[in-house]
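Read through the structure below, which is laid out as structure tokens, and then see the notes.
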Amino acid sequence: MKQLQSKWNNRRHPKPERKALEAFCRRAAELSGLPDDDWELELLFTNDRSMAGYNMEIVGHQGTTDVITLSWFDDSEGLFPGDPELLLIVNPDAAAREGAERQDSSYSYEMALYIVHGMLHAAGEDDLEDEKRLSMRAAEKRVLAALAKYFSFEELFPEKNK
């Protein structure tokens with residue numbers, strides 16, 4: 001990964017520190033099996049309302065979701081200079097809900113999971129069929145466990161605005 005662009009469009013949750021986020025994304029990309037050459041990643045952190053719009057416009061699904069992956073690794077020749085090969089649209093509102101509802105999770109863990117999940121999709125993983133979903137869940141666990149050795153998800157994605 002050559003460069004990270006990120007936009008934080010969510011007032012309910014604190015924005016991660018840029019250098020830490022970039023280091024996390026570089027390592028996550030490597031562990032997810034993405035190319036290690038010259039490509040750009042854009043992260044757009046949004047909210048439920050905007051995510052519902054993206055979900056309908058891009059995926060054709062009604063309602064909000066946790067993460068949307070748009071990858072142009074297979075068609076990067078059509079990109080203009082400065083366009084990212086990978087765009088992840090991440091919803092911190094969904095992370096807060098899921099983290100609170102699941103005993104084995106937290107806002108911080110969900111945020112890390114959504115980025116890894118999006119990168120795994122870009123690397124070719126799929127979760128639409130049962131057998132493939134099991135493979136993707138195993139990959140998520142493997143990548144998140146490796147990332148947890150180097151990064152504190154709680155420090156990277158703190159729960160509350162100060």
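The values are calculated or read from the model by the stated rules, or taken from the named source; none is laboratory data. Keep in mind that what you see is a predicted model, and the values were worked out from it rather than measured. Glycine gets a Cβ as well: all are built from the backbone with ideal geometry, and neighbour counts include every protein chain shown.
Which of the residues that make up the range 14-24 are in a helix (DSSP H, G or I) and either surrounded by 14 or more Cβ atoms within 10 Å (Cβ to Cβ) or touching a His at 6+ places or on another chain (Cβ under 8 Å) (or both)? Steps first, please.
Just the residues of the range 14-24 that are in a helix (DSSP H, G or I), to begin with: 18-24.
Ala20, Leu21, Glu22, Ala23, Phe24, listed by residue number.
Looking only at the range 36-46, count every residue that is under 15 Å from Gly118 (Cβ atoms), surrounded by fewer than 21 Cβ atoms within 10 Å (Cβ to Cβ) and out of contact with any Ser or Thr (no Cβ under 9 Å at 6 or more places or on another chain) and tell me the total.
1
Residues to consider are Asp83, Asp75, Asp127, Asp104; find the one that is in a helix (DSSP H, G or I), at pLDDT below 95, of a type in the set (D, E, K, R) and surrounded by fewer than 17 Cβ atoms within 10 Å (Cβ to Cβ).
Working: Asp83 fails: in a helix (DSSP H, G or I); Asp127 fails: in a helix (DSSP H, G or I); Asp104 fails: in a helix (DSSP H, G or I).
None of the others qualify; the one that does is Asp75.
It is to be established whether one or more residues within the range 131-139 are touching a Leu at 6+ places or on another chain (Cβ under 7 Å), touching a residue at least 60 places away in the same chain (Cβ under 8 Å) and surrounded by fewer than 19 Cβ atoms within 10 Å (Cβ to Cβ). Steps first, please.
Here is the first cut: in the range 131-139, the ones touching a Leu at 6+ places or on another chain (Cβ under 7 Å) are 136, 139.
Retained after the next criterion (residues that are touching a residue at least 60 places away in the same chain (Cβ under 8 Å)): 139.
Then drop every residue that is not surrounded by fewer than 19 Cβ atoms within 10 Å (Cβ to Cβ), which leaves none.
Checked the range 131-139: no residue is touching a Leu at 6+ places or on another chain (Cβ under 7 Å), touching a residue at least 60 places away in the same chain (Cβ under 8 Å) and surrounded by fewer than 19 Cβ atoms within 10 Å (Cβ to Cβ).
For the condition surrounded by fewer than 16 Cβ atoms within 10 Å (Cβ to Cβ) and outside any loop (DSSP other than H, G, I, E, B), what is the one hit in Arg27, Arg11, Arg49?
Working: Arg27 fails: surrounded by fewer than 16 Cβ atoms within 10 Å (Cβ to Cβ); Arg11 fails: outside any loop (DSSP other than H, G, I, E, B).
The unique qualifying residue is Arg49.
Among the residues of the range 87-98, is any part of a helix (DSSP H, G or I), loosely packed, with under 15 Cβ neighbours inside 10 Å and touching a strand residue (DSSP E or B) at 6+ places or on another chain (Cβ under 7 Å)? Outline the logic, then answer.
So in the range 87-98, the residues part of a helix (DSSP H, G or I) come out as 92-98.
Checking the rest, the ones that are also loosely packed, with under 15 Cβ neighbours inside 10 Å come to none.
No, the range 87-98 contains no residue that is part of a helix (DSSP H, G or I), loosely packed, with under 15 Cβ neighbours inside 10 Å and touching a strand residue (DSSP E or B) at 6+ places or on another chain (Cβ under 7 Å).
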